[in-house]
Amino acid sequence: MMEHAINLFVRSIFADNMIFAYFLGMCSYLAVSKDVKTSAGLGVAVTFVLLVTLPVNYLLQQYVLGPDALVEGVDLSYLSFILFIAVIAAIVQIVEMVVEKYSPSLYASLGIFLPLIAVNCAIMGASLFMQQRVTLDAADPKAIANIGDAFAYALGSGLGWLLAICALAGIREKMEYNDVPKPLQGLGITFITVGLMAMAFMCFSGLKIG
Amino acid sequence: MALSEKTKQAFLGPLNANNPVVVQILGICSALAVTVQLKPALVMGIAVTIIVALSNVVISALRTTIPSRIRIIVQLVVVAALVTLVSAFLKAFAYDVSVALSVYIGLIITNCILMGRLEAYAMTNGPWDSFLDGLGNGFGYMWVLVVVAFVRELLGSGTLMGQRIIPRSWYVANGGFYENCGMMMMPAMALILVACVIWAHRGLNKEEKK
């Protein structure tokens, strides 16, 4: 049980990395990764929002949306897109207000990213993957069987995203001084860099613990 | 019907000079993930075009009545409703494609092209112009997807739209000389191909600012 959660956690950081395996959250990943400090701020914010929204959406899926969950014989899963995005938007709004009230310094450094996170594909994507994974057989290493697994998956995905954005920002800081062909400067070369990093991360695809 | 200069620009601009994917770098997540084969890429392009055009019309018609504080949530709900419709339609009439697209249909909700167009265009322009702007951006998105998917499917599996292009007798297994390029199926190559499209596009539009 515990082993399964740890396995899920490690897999979602490396093998099922949000950026390198599924390209989720690419827009803000490419736009913000210009220096390591800001990137780390956004990465922490994404991890935090994932940790709050994914378990909430897991409970929604189990007790409201799933087949026979709310009313016998009724499958509400066609409502999942609207409910998930509403939960995410609402939680992001609440987090923003709480942070603004209790930690103005954190708000100043994180504040600009929070509205962006509501439309970050990584958050919505994690919820949609969770929806697929709850139906998997419990023996499958990707299955999310209980709320603990949902937390482990959220934390792993968030940390994987944080790792990816900090690594890219580090490379881009160094690359400032390189002589890149003119039409490839800026985003072109960044894409190629991310492609090479994704190739490196492919080595983790067989990873399994226990 | 005669079109004014502004209307024409709304439709033609996003196809080349102001392309949402290769110039504005929006909507990258799905552009990369669905391009292993041509057919899902084409369906994804059509789905995004329909959703951008219709949501642009709806938001543009409502633009004077939406309070600006909650506009993001209103936009998300409109988009989520349209995506739910498209997803149900695909499940009913093109089930295999809907399986191939998996979570990425749901992720159209958080596609940055949509939010970008709604914020930047539909909130300030009339429904007809917004409709054309949505169509233009959808087609601009679609051609990039189709180019990338064309290369990946042709070189990665020797087929196009599921039809075999490279004859079986050419393969090494059948005594020929040809081998599929397995790298093309990997996520990493999608990034590198998009980088090549950006490179070519910038090279051809030299006068353009970085």
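What relative contact order, as a whole-number percentage, does chain B give when Cα pairs under 8 Å and 6 or more residues apart are counted?
34 percent
Evaluate peptide A:194-201: per residue, the Cβ atoms of other protein chains within 10 Å of its Cβ; return the mean as an integer.
The shielding value for this peptide is 5.
Amide H neighbours of residue B:178 under 5 Å, at least 5 residues apart or on other chains, H built in the peptide plane: list them.
B:171, B:172
Out of residues 5 or more away from residue B:160 or on other chains, whose amide H comes under 5 Å of its own, with H placed 1.01 Å from N in the peptide plane?
So residue B:160 has HN proximity to B:165.
Restricting to DSSP H runs of at least four residues, report the calculated mean residue ellipticity at 222 nm for chain A, -39500 (n - 2.57) per run over all residues, nearest 500 deg cm²/dmol.
-21500 deg cm²/dmol
Enumerate the calculated ³J(HN,Hα) couplings along segment B:118-126 in order (Karplus 6.51 cos²θ - 1.76 cosθ + 1.60, θ = phi - 60°), each rounded to whole Hz, writing x wherever the residue is Gly or Pro.
Working through the residues one at a time gives 5, 5, 7, 10, 5, 6, 10, 10, x Hz.
In the full protein assembly as shown, how much of residue B:71 is accessible to a 1.4 Å probe, in Å² to the nearest 10?
Residue B:71 exposes around 70 Å² with every protein chain in place.
Report, in whole Å, the centroid distance computed from the Cα atoms of segment A:179-193 and segment B:118-152.
Answer, in whole Å: 25.
So which GluC sites (Glu not before Pro) in segment B:138-210 end up in coil per DSSP with only 13 or fewer other C-beta atoms within 10 Å?
B:179, B:207, B:208
How large is the helix-only mean residue ellipticity at 222 nm for chain B, computed as the sum of -39500 (n - 2.57) over DSSP H runs with n ≥ 4, divided by its residue count, in deg cm²/dmol to the nearest 500?
-19500 deg cm²/dmol
If contacts are Cα pairs under 8 angstrom and at least 6 residues apart, what is the relative contact order of chain A in percent?
Relative CO of chain A lands at 42 percent.
With θ set to phi - 60°, apply the Karplus curve 6.51 cos²θ - 1.76 cosθ + 1.60 along segment A:148-161 and write out the HN-Hα couplings as whole Hz, x wherever there is a Gly or Pro.
These are the phi-based 3J(HN,Hα) values: x, 4, 4, 5, 4, 5, 4, 5, x, 4, x, 5, x, 5 Hz.
By accessible area of protein heavy atoms, probe 1.4 Å, what ranking do A:35, B:129, A:68 get, highest first?
Of A:35, B:129, A:68, the descending order of accessible area is A:68, A:35, B:129.
Give the peptides B:136-142, B:63-69, B:86-92, B:119-125 in descending order of average Cβ contacts within 10 Å, highest first.
In descending order of packing, they fall as B:136-142, B:119-125, B:86-92, B:63-69.
Just checking the output field for B:193-204: average partner chain Cβ neighbours within 10 Å of each residue's Cβ?
Mean number of neighbouring Cβ atoms from other chains: 5.
Kirkwood Rh, Cα Rg: Rg to Rh for segment B:145-188?
On the Cα set of segment B:145-188, Rg over Rh gives 1.00.
Quick one: Karplus J couplings for segment A:44-58, per residue in order, coefficients 6.51, -1.76, 1.60, θ = phi - 60°, nearest Hz, x for Gly and Pro?
5, 5, 4, 4, 4, 5, 4, 4, 7, 6, 5, x, 5, 5, 4
Pick out the long, greasy-scoring helices in chain B: whole DSSP H runs spanning 27 Å or more along their own axis by Cα, mean Kyte-Doolittle at least 0.5.
Flagged H segments are B:38-62, B:71-93, B:127-157.
If you count, for every residue in B:66-76, the Cβ atoms of partner chains within 10 Å of its Cβ, what is the mean?
That average works out to 2.
If the cut-off is a Cα-Cα distance under 12 Å, which aspartates and glutamates reach residue B:39, setting aside same-chain residues fewer than 8 apart in sequence?
Qualifying aspartates and glutamates at Cα under 12 Å: B:96, B:153.
Report, largest value first, the span of the C-alpha coordinates of the protein assembly as shown along each principal axis, in whole Å.
Cα spread of the protein assembly as shown along its principal axes, largest to smallest: 60, 54, 53 Å.
Which Rg and Dmax, in Å, describe the Cα atoms of chain A?
18.3, 65
Per the 1.4 Å probe, what fraction of the accessible area of the protein assembly as shown, in percent, lies on carbon and sulfur atoms?
Roughly 68 percent, rounded to a whole number.
For the pair residue A:138 and residue A:1, how long in nm is the line joining their label points, each one 7 Å along Cα→Cβ?
The modelled label-to-label distance comes out at 1.0 nm.
Buried by at least 20 Å² relative to the chain on its own: which residues of segment A:11-29 qualify, computing accessible area with a 1.4 Å probe on protein heavy atoms?
Residues passing the criterion (a loss of at least 20 Å², heavy atoms only) are A:22, A:23, A:24, A:26, A:27.
The values are calculated or read from the model by the stated rules, or taken from the named source; none is laboratory data. Predicted model only: the values in this text are computed from it and were never measured. Neighbour counts are summed over all protein chains in view; Cβ atoms, including those assigned to glycine, are modelled from backbone coordinates with ideal geometry. With ligands, DNA and RNA removed, areas are computed over all heavy atoms of the protein, side chains included. Shrake-Rupley method; radii C 1.70, N 1.55, O 1.52, S 1.80 Å.
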